[in-house]
């Protein structure tokens, strides 16, 4: 397939350089048919040979149901799995100690083990918890701040561990399902009663309120709320009833938000992590979360 | 100054006791082209004071290199007892009584600055004495040439061997030489790894095949570089690869002592017959002993040149000839450009070592050395790093007070476990707590293991009424209970403000 042959079959030679042309011509400019540099050709042939060897040794060609495996039986997936196993083996001793520790308090008082738990916990927190609770556990409206000293379900190590393991209002059989009722929407209380109750709740945390309405609200509080929030409104960890007398509010402590909470009810969900995280991982997470705010 | 042509040299009409050598400088300007294959250089053996000095320096530098890792230095339990150890795994650098952490690398920077300034000063005074006597390339090449001479004989025998066909004798000699070279290379690569691991341990592991991959890798690399650089590349490293020859030209001046052919005394050169008068001619008898001795393959009589490493072997070669023809020694010797000019003008020689540049280098050297020594003497053995929480920067607590959380790292650079008292200085109402520790007021005692960092989470709380501004300065400090050594960090207490 010689393009550069003229009709007579002769190869045209460029006068100036003495090199044969390809026969291609653009506006009088002819393309010279210089050979490829030898080093380039050598590299090219080496690459061709390498490629053939690579097909034989390594996974290469896709098929209908699979692919050619290659003689080396190489698999990145296997390598990653092996590396993870290796990592787990390297951490096995410390991980085992986390589970075997007599209590999580004992982990905290062992500097080396505590350091391991905090490092593992920080990484797990970033992967699993930060989406809702924030990168530093600072929380958002409806998602508790884990740095402060207010704990809806208890801030002791055991409480935190339980919250992570079985979740709260989750699908886990052992979870706690108590929730704040929608007093307004469900028609349990009238609008006026809810207005009075709002004033009373404001008074519990020492905020400005309508004193007369609060006195009326106190009666409703005693009737409807003390079962969970306690007579003085300080809450109950076992039922997940928040302390209404402190400065911390999960959804907001202003008049409008308290009213909204009373009208519509609340029931934030913490999923159960038992199926996704190992026992040791949950222990590490508990120690980490406990360290964020000092816990209880 | 073109080299004398071969015809004026040969002939055999010259001084009976002086052998004339048919050799030309490899960098002769007449032969220069843009590309040229290397011409093999076969340096001839010389005897003399500089050769003896070079043997002594070779023994010293190689001795230090090979033996230093084996020097022990007791540091106590849990610490390596190797005097010089670059411990990558433990991220420590041990140098006798000094132990450097990775964050103290500026000590190494200071050491390199000192080395550079010292090199500048030495070069300004004595030219390329680093290149000529102590550069590893020079030392190992010199050793390899000595081995080559021992196996194959001196210059003439080596030239003959190179041109003769492959006989059994030649094969044996070549194999012996390369085997010895590789063995020296292996010793070099082997000694290198001892600087990075405990020498006796890694030596045992190395031969049992249990040493880490990096040990074998660097052993192989240093073996290969030693063998290639000193065996076959030799002067090409200095001429083509090393930047120092280019830089050093800027550091020398007309008062610098350099290996010099004293042309005022040597010219006009030419063959000299025994009994002929020395009147009206120079002392150079054109024997080219200086060229034959040169490991760089150059002609020192062409004047100062980039290729010349100032190894001084031509001085010995020429002194030997001068003694035989009955002329004074040191036709080639350490000399300055100034003196060459002064002698030509009939003036007395004058050496000027105290010059602006030598003063500048000396002052800079002393200054850096003083700063380094001061830094080393006052080096803290306890450091405190305080990292504040950023998400969230502060937290409101249930009683309305505000809390800031800090990660506090106490770095104990000492070799024993130490007990520190941690204090937080701030407004009177400041409350302090630490996860997993009990706090007495605003201070607590913490044990930090030897040569380790302890990290704690510290909470600082202020009641609402004590908060006067969104940012209140506080100070966190630690004090060694036994020695009283302190470290403090100033930070701020953040809040929403009043």
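Laboratory data are not the source of any read-out in this text; all were calculated from the coordinates shown. What you see is a predicted model; the values in this text were computed from it and never measured. Positions of Cβ are generated from backbone atoms using ideal geometry, with glycine treated the same way; all protein chains shown enter the neighbour counts.
Of all the C-alpha pairs in the stretch A:191-264, what % are more than 16 Å from each other?
43
Okay, helix-only estimate at 222 nm for chain B: each DSSP H run of n ≥ 4 adds -39500 (n - 2.57), divide by all residues, round to 500 deg cm²/dmol; what do you get?
-11500 deg cm²/dmol
Kindly give the semi-axes, whole Å and largest first, of the ellipsoid equivalent to the protein assembly as shown, taking each as the square root of 5 times a Cα gyration tensor eigenvalue.
Each semi-axis is √(5λ); the values are 81, 39, 27 Å.
Compute the acute angle (0 to 90°) between the alpha-carbon long axis of helix A:255-264 and the principal axis of greatest extent of the alpha-carbon atoms of chain A; round to the nearest 10°.
Roughly 90 degrees between the two axes.
In degrees from 0 to 90, rounded to the nearest 10, what is the angle of the helix B:199-208 Cα long axis to the longest principal axis of chain B?
Here the helix axis deviates by roughly 70 degrees.
Give the Rg (one decimal place) followed by the Dmax (whole number) of the stretch B:19-154, computed from C-alpha coordinates and expressed in Å.
My reading of the Cα-based Rg and Dmax gives 21.2, 67 Å.
Would you mind getting the Kirkwood hydrodynamic radius of chain A from its Cα pairs, rounded to one decimal in Å?
25.7
To the nearest 0.05, what FRET efficiency results for residue B:407 and residue B:66 with a Förster distance of 45 Å applied to their C-beta separation?
0.45
Determine the shielding of peptide B:388-400 by partner chains: average, over its residues, the number of Cβ atoms on other chains within 10 angstrom of each Cβ.
6
Say we join alpha carbon atoms closer than 10 Å with springs in a Gaussian network model of chain A; which of A:161, A:79, A:145 then has the biggest fluctuation?
A:79
Could you calculate the FRET efficiency of residue A:279 with residue A:257 from 1/(1 + (r/R0)^6), where r is the beta carbon distance between them and R0 is 30 Å, rounded to 0.05?
0.20
Let me make sure I get this right: for chain B, a, b and c are the square roots of the gyration tensor eigenvalues over alpha carbons, sorted descending. Under 1.5 in a/c it's rounded, otherwise prolate if a/b > b/c, else oblate. Which is it?
prolate
Modelled label-to-label distance, residue B:109 and residue B:160, 7 Å Cα→beta-carbon offset: nm?
Distance between label points: 6.0 nm.
Relative contact order (percent) for chain B, with alpha-carbon contacts under 8 angstrom and 6 or more residues of separation?
Rounded, it is 15 percent for chain B.
Among A:82, A:112, A:231, which one shows the highest mean-square fluctuation when chain A is modelled as a Gaussian network with alpha-carbon springs under 10 Å?
So, out of A:82, A:112, A:231, the one fluctuating most is A:82.
Once the piece of chain linking residue B:264 and residue B:228 is laid out straight, how much longer is it, given 0.36 nm per residue of separation minus the C-alpha distance between them?
That works out to 8.9 nm of additional length.
Express in nm, to one decimal, how much length is gained between residue A:239 and residue A:178 on full extension, taking 0.36 nm for each residue of separation and deducting their alpha carbon distance.
Once the chain is fully extended between residue A:239 and residue A:178, it gains 21.4 nm.
If one computes the Cα centroid of the stretch B:97-134 and of the stretch B:58-90, what distance in Å separates the two points?
Taking the Cα centre of the stretch B:58-90 as reference, the centre of the stretch B:97-134 is 19 Å away.
Per residue of A:145-151, what is the mean number of Cβ atoms on other protein chains within 10 angstrom of that residue's Cβ?
The shielding value for this peptide is 5.
Give me the inter-chain shielding for B:252-262: mean count of other chain Cβ atoms within 10 Å, whole number please.
0
Can you give me the angle between helix A:279-293 and the longest principal axis of chain A, using Cα atoms only, in degrees from 0 to 90, rounded to the nearest 10?
Roughly 60 degrees between the two axes.
Kindly provide the helix-only [θ] at 222 nm of chain A, computed as the sum of -39,500 (n - 2.57) over DSSP H runs of four or more divided by all residues, to the nearest 500 deg cm²/dmol?
After summing the helix terms and dividing by the residues of chain A, the value is -15000 deg cm²/dmol.
Please identify which residues in the stretch A:29-43 have an amide N closer than 15 Å to a label point set 7 Å out from the Cα of residue A:17, following the Cα→Cβ vector.
A:29-38
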